[in-house]
1. So which residues in region 280-313 are within 22 Å of THR330 (Cβ to Cβ) and free of Cβ contacts under 8 Å to residues at least 12 places away in the same chain?
2. Restricting to region 311-347, and then to whatever is among the hydroxyl-bearing types (Ser, Thr, Tyr) and surrounded by 13 or more Cβ atoms within 10 Å (Cβ to Cβ), can you tell me which residue is nearest to the chain's Cα centre (by Cα)?
3. Report, ordered by the first and then the second residue, all pairs with beta carbons closer than 9 Å, sequence separation of six or more or different chains, a first member in region 320-347 that is on the phi > 0 side of the Ramachandran plot, and a second member that is part of a loop (DSSP other than H, G, I, E, B).
4. Considering only region 200-212, I want to know if a residue exists there that is closer than 30 Å to ARG101 by Cα, under 17 Å from the mean Cα position of the chain (by Cα) and either of a type in the set (Ser, Thr, Tyr) or open to solvent by 60 Å² or more (accessible area, probe 1.4 Å) (or both).
5. Quickly run through region 184-199 and pick out the residues that are surrounded by 15 or more Cβ atoms within 10 Å (Cβ to Cβ) and either in contact with a helix residue (DSSP H, G or I) (Cβ under 8 Å, 6 or more places away or on another chain) or β-branched (Val, Ile, Thr) (or both).
6. For residues that are open to solvent by less than 60 Å² (accessible area, probe 1.4 Å) and polar (S, T, N, Q), scanning just region 100-141, find the one that is nearest to ALA72 (Cα to Cα).
7. Which one is modelled with the highest pLDDT, of the residues in region 260-297 that are among the hydrophobic types (A, V, I, L, M, F, W, C) and open to solvent by 40 Å² or more (accessible area, probe 1.4 Å)?
8. Could you count how many residues in region 152-183 are touching a Gly at 6+ places or on another chain (Cβ under 9 Å) and open to solvent by 50 Å² or more (accessible area, probe 1.4 Å)?
Amino acid sequence: MELLAIPQEPQKDVVQPSEYIGSAPEDDEDESRLLLRFAAPRDPVMVAEWVSFNVIDTERQDWARGWASLKAYVERVGNARVLYGHREGATPLGQWVTEQRRAYKAGEMSGQRARRLEQLGMVWSVVDERFQENLEAAKAYYEKHWTLCAPRTATALDRPVGQWLSNLRRPGALEGHSEWEEALREVDEDWNPSWPPEWQRHYAVVREMLAEETVLGYVEPGVTVHGMDIGKWLAKQRKPEVWAALTDRQRERLEAIGVVPMAAELEAPPKPSTPPVSTFEKGVAALAQYKTRTGSVTVPRAHVEALPDGSEVKLGVFLSNSKSRRDKLTADKLAALAGLGLEWATT
């Protein structure tokens, strides 16, 4: 640029030598300098990149070499995911990319550098990228199974999505990654339920099967989906004792799709029975029966009278006790005994 600013004398008969601009390459590096010869055709993109790196930004040559190496890698491989130990020629490209991620995360990278790297497909967080890839597999699983409570052996898009989801359900696995949990909830609100995942898998199938059905009889025992006997499971949930053991949120989900507990079995009506009979009433009944049979109300103290219902009354003891406690008997009790011919009950 300084050469261009110096006034030049017309020299039509003298051919000016071409000038290279920039630092000479190392012994093991390719020539990357721009040949200052405006009469020759040049790739405008190459010219713009060189001017940006060497004139406008005045960035260090080592960063420019790293960027150029990454660009060559991306053009050859198709992505910017470089392994840490990878070298692109003499450039330790893997280490260089790792350093760029560190600087970006620490806020030490200029926006212009970040944009240039992003244009090459730079992945700032490998962990976030892997999450997004696994999330796509999880979405594919959900489309087929209607739930993210996948068994650990489940796969989708050639990824072990079941084990991945199981790992994320562990306590503290999503600490510091609230955006991940939100993304999972957008796919399935109950991706991490407080009840067993197996229950959620059965429920998800029943929910889809009843989405357009109003008759629960459609899902009968023996109806199998994805290897699960949905009908048998549904019948079990509707049992009163099982229903009572479910959490409130589980019952809410079942009720929302029209599943309610079966009515409790009607208990057989109790056999008609006479009101409970007191000891005194049994004694009066035994005395009346004895009098009818013998014509007398004089009963030996050891006599036991059997009543029609199978019960037995120590009638002699009953009469002796009643006589000794006649002062404590109510008027109606005394009248009942007097009506049978006991004189002491009338005095």
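1. Residue satisfying the conditions is GLU281 alone.
2. Filtering first and then ranking leaves SER322.
3. Between residues of region 320-347 that are on the phi > 0 side of the Ramachandran plot and residues that are part of a loop (DSSP other than H, G, I, E, B), the close pairs are GLY341/SER296; GLY341/VAL297.
4. Checked region 200-212: no residue is closer than 30 Å to ARG101 by Cα, under 17 Å from the mean Cα position of the chain (by Cα) and either of a type in the set (Ser, Thr, Tyr) or open to solvent by 60 Å² or more (accessible area, probe 1.4 Å) (or both).
5. LEU184, VAL187, ASP188, ASP190, TRP191, ASN192, PRO193, TRP195, TRP199
6. Filtering first and then ranking leaves GLN100.
7. ALA285
8. 3
The values are calculated or read from the model by the stated rules, or taken from the named source; none is laboratory data. In this text the structure is predicted, and so the values were computed from the model without any measurement. Cβ sites come from the backbone with ideal geometry, for glycine too, and all protein chains shown count toward neighbours. Remember, those area values only see protein heavy atoms, side chains included, never the ligands or the DNA or RNA. Shrake-Rupley method; radii C 1.70, N 1.55, O 1.52, S 1.80 Å.
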